[in-house]
Amino acid sequence: MTTKTIRRELKFTQSPAVVWRALATREALADWMYPNDFEPRVGHRFTFRVPPDARAKFDGLTVHCEVLRCAPPSELEFTWVVGEGWLDTRVRYRLEADGEGTRVLFEHSGFKEDQAFHGAEFGWKLMHGKLAKTLEKASNNPALKA
């Protein structure tokens, strides 16, 4: 069976250190993604709690994750598992300095089902848009300050 991967290149005007904090702190992740109990250390198991949406007839769900790689401020990788292995994938962020800003290479890999792949593509587009907004207000966000 062939698996699919979502790949995106994101560019931000903020430094790698600021972008890293947006990706690797519990408070910042909750701001642009979902409530969580994340800790930036290899082996840490954590969850994202996706809230219900009655308008979309969506009951919400819990995403189970484990940090596989954490190399501040350049690389973060974690599992992304939903249900009893219904969705068992990996998310990876790689940060590179780009002038005074940051280039982020994003991958979400291991999709076996088209529906999950397309749903995740849509979801990441929304979440990465929220990430950009979180970073735009970085100077006013205590979770992103050095």
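According to the calculation over all Cα-Cα pairs in the chain, the P(r) per 5 Å bin from zero is 2, 10, 18, 25, 21, 14, 7, 3, 1, 0 %. If R0 is 30 Å, the Cβ-Cβ spacing of Leu61 and Lys11 corresponds to a FRET efficiency of close to 0.50. The label-point distance for Glu136 and Thr25, in a model that sets each label 7 Å from Cα toward Cβ, rounds to 2.0 nm. Converting phi to 3J(HN,Hα) with the Karplus coefficients 6.51, -1.76 and 1.60 and the offset θ = phi - 60°, region 109-124 yields 10, x, 6, 9, 10, 4, 4, 5, 4, 5, x, 5, 4, 5, x, 5 Hz in sequence order, with x at every glycine or proline. Surface composition of region 1-121: carbon and sulfur make up 47 percent of the accessible area, probe 1.4 Å. Counting every C-alpha pair in region 1-87, the share spaced more than 22 angstrom apart comes to 36%. With a simple spin-label model that places each label point 7 Å from the Cα along the Cα-to-Cβ direction, the separation between Leu126 and Arg41 comes to 3.3 nm. Here the peptides 101-109, 117-125, 52-60, 33-41 are ranked by packing, the mean other Cβ count within 10 Å, and the order with the highest first is 101-109, 33-41, 117-125, 52-60.
The values are calculated or read from the model by the stated rules, or taken from the named source; none is laboratory data. Since this is a predicted model, take the numbers as computed values, not measurements. Reconstructed Cβ throughout: ideal geometry from the backbone, glycine too, with neighbour counts over all protein chains shown. These accessible areas exclude ligands, DNA and RNA; they are computed on the full protein's heavy atoms, side chains included. Shrake-Rupley method; radii C 1.70, N 1.55, O 1.52, S 1.80 Å.
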